[in-house]
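Shown next, in structure tokens, is the structure this report addresses.
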Amino acid sequence: IGDPEYPAALAALPDAPPLLSMLGDPALLGRPTLAIVGAREASLAGRQFAAELSSALGASGFVVASGLARGIDAAAHEAALDTGTLAVLACGIDKVYPPQNGRLQEAIAARGLILSEVALEPPPIARAFPRRNRIVSGLSAGIVVIEAAARSGSLITAQRAAEQGREVFVVPGSPMDPRYAGSNSLI
């Protein structure tokens, strides 16, 4: 936490991780960052919107942060590979999780930045994901929630962002679609 490369936005938090492992380009931590989070079982429209928004944010100079989950997170990361993306893992940076995002994780490590507060080797465990979400929001000036179910990690990220004084943006959706129940409740 005292290292010059430690992200200033995280260092200011009362529950800042004492140690971060990094793989990739630490210079991305010096740029303005916005997070995009949402459903793992996202709709095609939700993934397309996440990709378009991520591309536009990257073109405007923002680094796009997320948690490397399937669905919205993966779409946001993929679209920001050329402009800057950082992924926060709930396991060690030497683990690939989820397995279907292995190639994406390799691409982010090569062209973006992978971060974790978890030591090397431990596999992901359930309690690590909410802790990871506080880092995603803590690194960001704000978060955009796309397709969050009524009980989802995206809502935890939104709550932590609000507690950290970050902006929370929500993409509204059909009240008939359960993928938007949580995000619509934030509105």
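The values are calculated or read from the model by the stated rules, or taken from the named source; none is laboratory data. Remember, predicted model here, so these are calculated numbers, not experimental data. Neighbour counts run over all protein chains shown; Cβ positions are idealised from the backbone, glycine included. Note: accessible area is taken over every heavy atom of the protein model, side chains too, but ligands, DNA and RNA are not part of it. Shrake-Rupley method; radii C 1.70, N 1.55, O 1.52, S 1.80 Å.
What shape does segment 40-98 take by its C-alpha gyration tensor, where a ≥ b ≥ c are the square roots of the eigenvalues and a/c under 1.5 counts as rounded, a/b above b/c as prolate, and the rest as oblate?
oblate
May I ask you to list the trypsin sites (Lys or Arg not before Pro) in segment 51-159 that are in a DSSP loop and have at most 13 other Cβ atoms within 10 Å of their Cβ?
Within segment 51-159, the qualifying trypsin sites (Lys or Arg not before Pro) (loop, at most 13 other Cβ atoms within 10 Å) are 127, 151.
Using the crude model of +1 on Lys and Arg Cβ and -1 on Asp and Glu Cβ, and no other charge, please compute the dipole size for the chain relative to its Cα centre, in debye to 20.
380
Can you give the relative contact order of the chain as a percent, counting alpha carbon pairs under 8 Å and 6+ residues apart?
Result for the chain is 23 percent.
Can you give the Rg and Dmax of segment 1-160 based on its C-alpha atoms, in angstrom?
Gyration radius and largest Cα-Cα distance of segment 1-160: 13.9, 42 Å.
Just grab the label-to-label distance for residue 8 and residue 45, each label 7 Å out from Cα along the Cβ direction, in nm (one decimal).
Result: 4.1 nm between the two label points.
Roll a 1.4 Å probe over the protein chains and send me the accessible area per residue for the chain in Å².
I get 46 Å² per residue for the chain.
Pop the C-beta distance of residue 150 and residue 60 into the FRET formula with R0 = 25 Å and round what comes out to the nearest 0.05.
Once rounded, the FRET efficiency stands at 0.20.
Rounded to whole Å, give me the distance from the Cα center of segment 8-51 to that of segment 101-158.
Each part's Cα centre sits 7 Å from the other's.
Suppose only helical runs count, i.e. DSSP H with n ≥ 4. What mean residue ellipticity at 222 nm does that imply for the chain under -39500 (n - 2.57) per run, divided by all residues and rounded to the nearest 500 deg cm²/dmol?
Computed mean residue ellipticity for the chain: -10000 deg cm²/dmol.
Tally Lys and Arg at +1 and Asp and Glu at -1 over the other residues with C-beta under 13 Å from the C-beta of residue 29: what net charge comes out?
After counting each charged neighbour, the total is -2.
Name the most mobile residue of 130, 18, 32, meaning the one with the largest mean-square fluctuation, in a Gaussian network model of the chain with Cα contacts below 10 Å.
It is 18.
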